[in-house]
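**Student:** My structure is below; once you've seen it, I'll send some questions.
The values are calculated or read from the model by the stated rules, or taken from the named source; none is laboratory data. In this text, all values refer to a predicted model and were calculated from it rather than measured experimentally. Note: ideal-geometry Cβ built from the backbone for every residue, glycine included; neighbour counts use all protein chains shown. Surface accessibility is based on the protein's heavy atoms, side chains included, excluding ligands, DNA and RNA. Shrake-Rupley method; radii C 1.70, N 1.55, O 1.52, S 1.80 Å.
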Amino acid sequence: MQDITLTYTVNPFERLFIERSIELLYKNTIDSFRLRLHNPKTLIEELITVAQSSLSGVLTNNDYVVSTTKELTAALDEDNHGLVFNQVNIKYYLGILKKSDRSNYKLIIQSSKLILKDNPNYDENLFKEIYLLLKSYNSLLTPSNSLNIDAKTYYQTRKKIGDLTNHLFVELINNGYTKQYLYNTFQAIFVRKIVSGQTFDDKFITYKNLTQKPDEEYTIIFKIIGKAFQFSEFQKIDQAYNLINKKFRKSIERSTSAEINNFLESNKEENLISIEIFAKDYYKAIQIAIDKVSKDLDIFHLGFNKHFFKIDERCAVIGKNNPKKATTLPSNFQLDGYFRSDSNIFDTLLQKIKKIENNKIEPESYNKLLSAIRYYRTGSESPELETKLLNYWIGLEYIFTSFHSEEKTIDRIKNFFPKCHTLIYVKRNLFDYHKALERLSVHKTIVNYNNDLNYLLEHSTYKQIEQTTSSELLRFRTEFFRSWQEDPSRIQASFTKHQENLTLNITRLYRIRNEIVHNAAIKNEIYVHISHLKYYLTFILNSILEFMADNSVDLDNDGKITIDDYFIAQDIILGALKGNKLKEFLKINNPTQILY
């Protein structure tokens, strides 16, 4: 949640749309409020893919189809999906999804394809539906400018705006844009760029034009590290590659930016190659180019396997439409989420490990932790997407593996991880809310504002925030968290939904892992999956390190502290919280955020 200043007039719904869009697209937003992986349409597409792979024998576990149908059903249950149901009505389709056994796969695929046929312009439909909702605000006002709508309906309308906005951005990404570009462009149009006389409608139409934007041609220039690299041999793979030489540098010197000229000049003695790519934006062009060059380097390495070749961490991007805006960018993908990294983190981590060494920790559990830390490192260092995902998965899997249990490792992950993470869900989200109050300068008006969060136990606090803030998103979020303070059953409902979402996503990650391991699949669009998996591994490492260093208890009476003791403790504490008021959840200690 960011503090933004607008220089043009907006109604509360329009401001909510702007603030929620920025929150969804910002890479450091907490995962609870970050852009989702899927919208209802992309879930239908995924279901078709999974069902087809199951029918062909590529996937052999029915859990994958069951999991996807559950997620899709939940997305369609509320009237916030934005889909058109012409040939197949939604009630009939939901009935089909309930029968997710193998004998029904063909019907699931066929009916899903009919729905997709009815929604070829899903992004445009979402823009239209969102716009109508934003403009409906004035119709809700009485002649005296008070709202003529009950509180529940008003909340649900704002929730629908947020849900449809999420679906819109997911669809734009599905159509070829990158999240980074959507964020930068949204900020430029709605916040940063000040144009006299320009209205919200003008800005909305400008952003909506992204649905009509054709692919642009980009020249991507990479530096290949490796003295034995021979461009003439590499070009045999694809003649589309070009060598950057003096003639090329001279030909673009006047038309491109100073940054590109400096990049080319400073690397003129290096192996610089270029490839032309058509894409929606420059970040996407890099993704496509890095995927192609990586695959071709794999082939090249077969013939020159005694040598090491690597793509440098920075590349040049020149757009044909506006080469003066050409720039250099990281050649590797950027993961969502904030991960801390400095000498303080190292010192904290070292202290925890030294404490563990003196706490009678079972050697097997200690070695598991060290192995998980290693795979965290190798995952972070790996340039290939598939290798990165596998390393993070191995680290997570090794922590949950037990040689003393008949339960499969994947079942232990799906059983214990959601419980461990759900335990800190309330406090983690409230602490993020607490920091947002400070960013938006609302904290100054709150009595007893403190990191212990006890001020959030007072009903008057939420009323004070709603009256003080100009942020519609903060007002909306305040209503949500106030419901936790007023009604403990709402906390339990959030718990249940969170655990279900985690279980579904773990199943998805396990499917992707199996496709890579068993079918040698090359997966390109798994950036979000990797960011999820990296976070899961960092969270569980943080939690176990905290438990074993400072809060270790031998709960299974085997005379030693093990990772299973941690799992048992989290399960018991979570169960004890069921039905309790918010006050009890604030007593839960979040694990020291060592790595994130």
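**Student:** What Kirkwood hydrodynamic radius do you get for segment 433-508 when you take the inverse of the mean 1/r over all pairs of distinct Cα atoms, in Å?
**Tutor:** Averaging 1/r across every pair of different Cα atoms and inverting gives 13.7 Å.
**Student:** Could you compute how fast segment 195-246 diffuses translationally, taking Rh as the Kirkwood radius over C-alpha pairs and applying Stokes-Einstein at 10 °C with viscosity 1.306 mPa s? Give it in µm² per second.
**Tutor:** Answer from the Stokes-Einstein relation: 102 µm²/s.
**Student:** Over segment 425-578, one equal point on each Cα, no solvent: what is log10 I(q)/I(0) by the Debye formula at q = 0.15, 0.19, 0.21 Å⁻¹?
**Tutor:** For segment 425-578 at q = 0.15, 0.19, 0.21 Å⁻¹, log10 I(q)/I(0) is -1.03, -1.20, -1.26.
**Student:** Expressed as a whole number of Å, what is the distance separating the alpha-carbon centroids of segment 196-250 and segment 23-49?
**Tutor:** 26 Å
**Student:** Step through the table entries Lys135/Lys159; Lys560/Lys587; Lys227/Lys280; Lys113/Lys280; Lys368/Lys414; Lys352/Lys444, compare each Cα-Cα distance with 24 Å, and write down the pairs that go over it.
**Tutor:** Long pairs (Cα-Cα over 24 Å): Lys560/Lys587; Lys227/Lys280; Lys113/Lys280; Lys352/Lys444.
**Student:** Further question: Obtain the radius of gyration and the Kirkwood radius of segment 272-316 from its C-alpha atoms and give Rg over Rh.
**Tutor:** Dividing the radius of gyration by the Kirkwood radius yields 1.02.
**Student:** Normalised by the number of residues in segment 417-534, what is the relative contact order in percent for Cα pairs under 8 Å and 6+ residues apart?
**Tutor:** This gives 24 percent for segment 417-534.
**Student:** Using the C-alpha atoms of segment 223-306, what convex hull volume per residue, in cubic angstrom, is computed?
**Tutor:** So the per-residue Cα hull volume is 107 Å³.
**Student:** Another question about this same structure. Rounded to the nearest whole Å³, what is the per residue volume of the convex hull around the Cα atoms of segment 20-89?
**Tutor:** Values: hull volume 8.6 nm³, N = 70.
Dividing the Cα hull volume of segment 20-89 by its residues yields 123 Å³.
**Student:** What is the gain in length, in nm to one decimal, between Glu217 and Asn501 on full extension, counting 0.36 nm per residue of separation less the C-alpha to C-alpha distance?
**Tutor:** Working: separation 284, 0.36 × 284 = 102.24 nm, distance 3.88 nm.
Result for the pair: 98.4 nm of gain on full extension.
**Student:** If you don't mind, another one. For segment 138-209, what is the Kirkwood estimate of the hydrodynamic radius, computed as the reciprocal of the mean inverse distance between distinct Cα atoms, to one decimal in Å?
**Tutor:** Values: mean 1/r = 0.0680 Å⁻¹.
Hydrodynamic radius (Kirkwood, Cα only) of segment 138-209 equals 14.7 Å.
**Student:** Per the Debye formula with a single identical scatterer at each Cα and no solvent contribution, what log10 I(q)/I(0) holds for segment 105-184 at q = 0.14 Å⁻¹?
**Tutor:** -0.67
**Student:** For Glu313 and Ser56, what is the calculated FRET efficiency with R₀ set at 45 Å and r taken between the beta-carbons, to the nearest 0.05?
**Tutor:** 0.70
**Student:** OK, next. Regarding segment 200-349, what are the three Cα extents along the principal axes, ordered largest first, in Å?
**Tutor:** Each principal axis gives a Cα extent; for segment 200-349 these are 59, 53, 28 Å.
**Student:** Let me ask another. Per the Debye formula with a single identical scatterer at each Cα and no solvent contribution, what log10 I(q)/I(0) holds for segment 85-152 at q = 0.15, 0.24, 0.29 Å⁻¹?
**Tutor:** Scattering profile of segment 85-152, log10 relative to I(0): -0.70, -1.00, -1.18.
**Student:** List the pair-distance distribution P(r) of segment 181-276, using every Cα-Cα distance, as the percent of pairs falling in each 10 Å bin from 0 up to the bin containing the longest distance, rounded to whole percents.
**Tutor:** For segment 181-276, the pair-distance distribution reads 12, 31, 22, 22, 11, 2.
**Student:** Output the Kirkwood hydrodynamic radius of segment 340-421, Cα pairs only, in Å rounded to one decimal. Intermediate values should be presented prior to the final figure.
**Tutor:** Values: mean 1/r = 0.0699 Å⁻¹.
It works out to 14.3 Å.
**Student:** So, for the chain, what is the accessible surface per residue at a probe of 1.4 Å, expressed in square angstrom?
**Tutor:** 48 Å²
**Student:** I'm checking a number: the convex hull volume of the Cα atoms of segment 1-139, normalised per residue, in Å³. What is it?
**Tutor:** 134 Å³
**Student:** Which semi-axes, in whole Å and largest first, does the equivalent ellipsoid of segment 382-461 have when worked out from the alpha carbon gyration tensor as the square roots of 5 times its eigenvalues?
**Tutor:** They are 40, 18, 8 Å, listed largest first.
**Student:** How big is the gap, in Å, between the Cα center of segment 90-121 and the Cα center of segment 527-590?
**Tutor:** 39 Å
**Student:** So, one more: Taking loop as defined by DSSP and a crowding limit of 13 other beta carbons within 10 Å, which chymotrypsin sites (Phe, Trp or Tyr not before Pro) in segment 368-466 fit?
**Tutor:** The qualifying sites are Phe403.
**Student:** Using square roots of five times the C-alpha gyration tensor eigenvalues, list the equivalent-ellipsoid semi-axes of the chain in whole Å, biggest first.
**Tutor:** Semi-axes (√(5λ), whole Å): 38, 35, 27.
**Student:** Now for a different question. If segment 532-575 were replaced by its equivalent ellipsoid, with semi-axes equal to the square roots of 5 times the Cα gyration tensor eigenvalues, what would those be, largest first, whole Å?
**Tutor:** In descending order, the three semi-axes are 20, 12, 8 Å.
**Student:** At a Förster radius of 45 Å, what calculated FRET efficiency corresponds to the Cβ-Cβ distance of Thr157 and Asn322, to the nearest 0.05?
**Tutor:** Step by step, r from the Cβ atoms, then E = 0.70.
**Student:** Given a cut-off of 19 Å, what percent of all Cα-Cα pairs of segment 71-123 lie beyond it?
**Tutor:** In whole percent, the share of Cα-Cα pairs in segment 71-123 beyond 19 Å is 23.
**Student:** OK, next. Mind giving me the FRET efficiency for Ser470 and Glu584? R0 is 41 Å, r the Cβ-Cβ distance, nearest 0.05 is fine.
**Tutor:** Here the calculated transfer efficiency is 0.80.
**Student:** Give me the percent of the accessible area of the chain that comes from carbon and sulfur atoms, probe 1.4 Å, all protein chains in place.
**Tutor:** On the way: 14170 of 28570 Å².
Within the chain, the accessible surface is 50 percent carbon and sulfur.
**Student:** Count neighbours as other Cβ atoms within 10 Å of each site's Cβ, and list the trypsin sites (Lys or Arg not before Pro) in segment 403-493 that are DSSP loop with at most 13 such neighbours. Kindly include the intermediate steps, with their values, before the conclusion.
**Tutor:** Working: sites: Lys408, Arg412, Lys414, Lys419, Lys427, Arg428, Lys435, Arg439, Lys444, Lys463, Arg475, Arg477, Arg482, Arg490; in loops: Lys408.
Qualifying residues, ordered by number: Lys408.
**Student:** What nm value, rounded to one decimal, do you get for the distance between Ser144 and Ser196 when each label is placed 7 Å out toward the C-beta?
**Tutor:** 4.1 nm
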